[in-house]
Amino acid sequence: MLAGDGVTSRSEGGRSSAELAEASLGVQRVAGNSAMVQLLRKGGEQGARPPRSAGGAVARPVQRMPGSGHTTTFGPGGPLDGLDGDGNYYKFDHQHVYAVPASDAHGHVIGIGFPTNPGDEEHFARWTRQPNRIADREVWNVKLSSDELPLVYYREPAPWAGRPLYVHVHSSNEFFAIQVQVDQNTRKVIKVDGAVFGRILRRQPAYRAAARNTPGQDGVLTACLAGHPQATAARDMAQYMHGEGSNRTWHTSLGYGVRRSRESEGWSIFGSSQWWDEYGIERPGGLVSYRPPQRQQGQMPGQQAPSSSGSAHTSYPYQGGPSYPYQP
C-alpha cells in the first residue's frame with residue numbers, strides 16, 4: 001500500500017513509493033546514475049513528440065488571437081474571446097465555459113480540470129484523487145526517445161513546497177484549450193490566450209474552492225508547451241493572475257506534460273518532456289516558474305520574469321521563437 005499525500009512511504013523490502021511506481025511502469029535504473037531511470041515504453045503516456053515538417057523542423061503556429069479586423073463573430077456573446085480550430089472568432093461568457101473540480105482522496109477540491117479530449121474528465125479525476133500523489137513532492141523529467149528506444153526519466157524534488165493547486169488543461173505555446181457551450185446543444189473546443197485563460201480561471205467555482213483549500217501554496221499547470229522559453233501562454237496567464245493580486249508562484253512544463261497514474265497502486269506522477277527549438281535542436285525538459293513580482297506597499301504590479309526550476313534548461317541559453325503547433 002502507498003501512503004497518503006506528501007509522504008514518502010516504505011513498503012515491504014524498504015522500497016519507496018516512487019520506486020514502486022518505477023517498478024510498476026517497468027522502470028530500470030541506469031547503472032552509475034541513481035537519479036536517472038529508464039522507463040520501458042508502454043501505452044498511456046500523456047504527451048507525444050511534436051509533429052515535424054518534411055525538412056525536419058517543427059511546424060510553427062499560424063493563428064493568432066484576432067484583433068478588430070474580424071467581421072464575423074460566432075458564439076453566444078460575452079466579454080471573453082477565442083478561436084476555434086478553423087480560425088473562426090468566438091465571443092462567450094464565463095458561464096459558457098465547461099470545467100470540472102479535481103478532488104483528492106478525501107473529497108477536498110484541490111484543483112480544476114478543463115476537459116477537451118475523450119476521457120479527460122475521468123483522467124483528471126483519477127490522477128488527482130490518488131492517495132499518494134508523488135507530484136506533490138517530486139517531478140519526473142522525461143526523455144522522449146525514438147520508437148525503438150526506451151523512455152528515460154530524471155526524478156528530482158519538486159520546486160514547490162507542500163501540496164500545490166493543480167490546473168489540468170491542454171495547451172500550446174500560445175493558447176489554452178477549453179470547451180465552450182456555443183449553443184443550446186453544442187460544446188466546442190476554443191483556444192484562448194493566457195490572459196483570457198487567467199480571467200476564466202479566477203471566475204470558475206472549482207478554482208475558487210481549490211484556492212481556499214490550498215492557501216499559500218503554489219499553482220501547477222499540468223499542461224503541454226505553455227512554458228516554452230519564448231511562449232506566451234503560461235507567462236501571460238501568470239502575469240494576469242499576479243496583476244489581480246495572486247501571490248502564488250505558477251509552474252508549468254517546458255516541453256510536453258506527462259501526467260500518469262496507477263489507481264490499483266494509489267499513485268500519480270507529473271513530469272515534462274524535452275522540447276525542440278525552431279531549428280529542430282533538442283533541448284532538456286524541466287519546469288519553468290513564474291513568481292509574483294516583488295513590490296512595495298502601494299506599488300502597481302509589474303511584469304515578472306520566468307525562472308527555470310531545472311538546471312538543465314539554464315545551461316542552454318535560447319534565443320529562438322516559439323516553435324510548436326496547437327495541440328488541443
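So which residues in segment 241-253 are closer than 24 Å to Arg133 by Cβ and either in a helix (DSSP H, G or I) or in contact with a Ser or Thr (Cβ under 6 Å, 6 or more places away or on another chain) (or both), if there are any at all?
Once the filter is applied, which keeps residues that are closer than 24 Å to Arg133 by Cβ and either in a helix (DSSP H, G or I) or in contact with a Ser or Thr (Cβ under 6 Å, 6 or more places away or on another chain) (or both), segment 241-253 yields Met241, Thr249, His251, Ser253.
Just for segment 155-176: of the residues that are more than 20 Å from Ala231 (Cα to Cα) and within 15 Å of the chain's Cα centre (by Cα), which one is surrounded by the most Cβ atoms within 10 Å (Cβ to Cβ)? Break it down stepwise before answering.
The first filter runs over segment 155-176 and keeps only residues more than 20 Å from Ala231 (Cα to Cα), leaving 155-166.
Still in the list and also within 15 Å of the chain's Cα centre (by Cα): 158-160, 164-166.
On the way: Ala158: 20, Pro159: 19, Trp160: 23, Pro164: 24, Leu165: 23, Tyr166: 26.
Of everything passing the filter in segment 155-176, Tyr166 is surrounded by the most Cβ atoms within 10 Å (Cβ to Cβ).
Among (1) over 15 Å from the mean Cα position of the chain (by Cα); (2) among the aromatic types (Phe, Trp, Tyr); (3) crowded, with 24+ Cβ neighbours inside 10 Å, where does Tyr240 come up short?
(3)
Output the residues belonging to segment 87-128 that are farther than 27 Å from Thr186 by Cα and surrounded by 20 or more Cβ atoms within 10 Å (Cβ to Cβ).
Asp104, Val109, Ile110, Trp127, Thr128
Can you name the condition, by its number, that Ala238 falls short on among (1) touching a strand residue (DSSP E or B) at 6+ places or on another chain (Cβ under 7 Å); (2) under 15 Å from Tyr290 (Cα atoms); (3) part of a loop (DSSP other than H, G, I, E, B)?
Going through the list (1) touching a strand residue (DSSP E or B) at 6+ places or on another chain (Cβ under 7 Å); (2) under 15 Å from Tyr290 (Cα atoms); (3) part of a loop (DSSP other than H, G, I, E, B), Ala238 breaks only (3).
Is there any pair with a first residue in segment 176-187 that is farther than 13 Å from Gly85 by Cβ and a second that is of a type in the set (Asp, Glu) and not in a strand (DSSP E or B) whose Cβ atoms are under 8 Å apart and which are 6 or more apart or on different chains, and what are they?
As it stands, the answer is Phe176/Asp193, since those pairs meet every condition given.
Tell me whether segment 193-206 contains one or more residues that are out of contact with any strand residue (DSSP E or B) (no Cβ under 9 Å at 6 or more places or on another chain) and over 23 Å from Ala125 (Cα atoms).
To start, the set of residues in segment 193-206 that are out of contact with any strand residue (DSSP E or B) (no Cβ under 9 Å at 6 or more places or on another chain) comprises 195, 198, 202.
Among the residues that remain, those that are also over 23 Å from Ala125 (Cα atoms) are: 195.
Yes: segment 193-206 contains one or more residues that are out of contact with any strand residue (DSSP E or B) (no Cβ under 9 Å at 6 or more places or on another chain) and over 23 Å from Ala125 (Cα atoms).
Any residue at all in segment 137-148 that is surrounded by 20 or more Cβ atoms within 10 Å (Cβ to Cβ), farther than 16 Å from Leu225 by Cα and touching a Ser or Thr at 6+ places or on another chain (Cβ under 6 Å)?
no
Is there a residue in segment 196-216 that is buried (at least 19 other Cβ atoms within 10 Å of the Cβ), among the hydrophobic types (A, V, I, L, M, F, W, C) and free of Cβ contacts under 8 Å to residues at least 60 places away in the same chain?
The answer is yes; a qualifying residue exists.
Within segment 264-281, can you find the residues that are at pLDDT 90 or above and aliphatic (A, V, I, L, M)?
Here is the first cut: in segment 264-281, the residues at pLDDT 90 or above are 264-272.
Passing the criteria: only Ile269.
The values are calculated or read from the model by the stated rules, or taken from the named source; none is laboratory data. Quantities reported herein were computed from a predicted structural model and do not represent experimental measurements. Cβ: placed from backbone, ideal geometry, glycine included. Neighbour counts: every protein chain shown.
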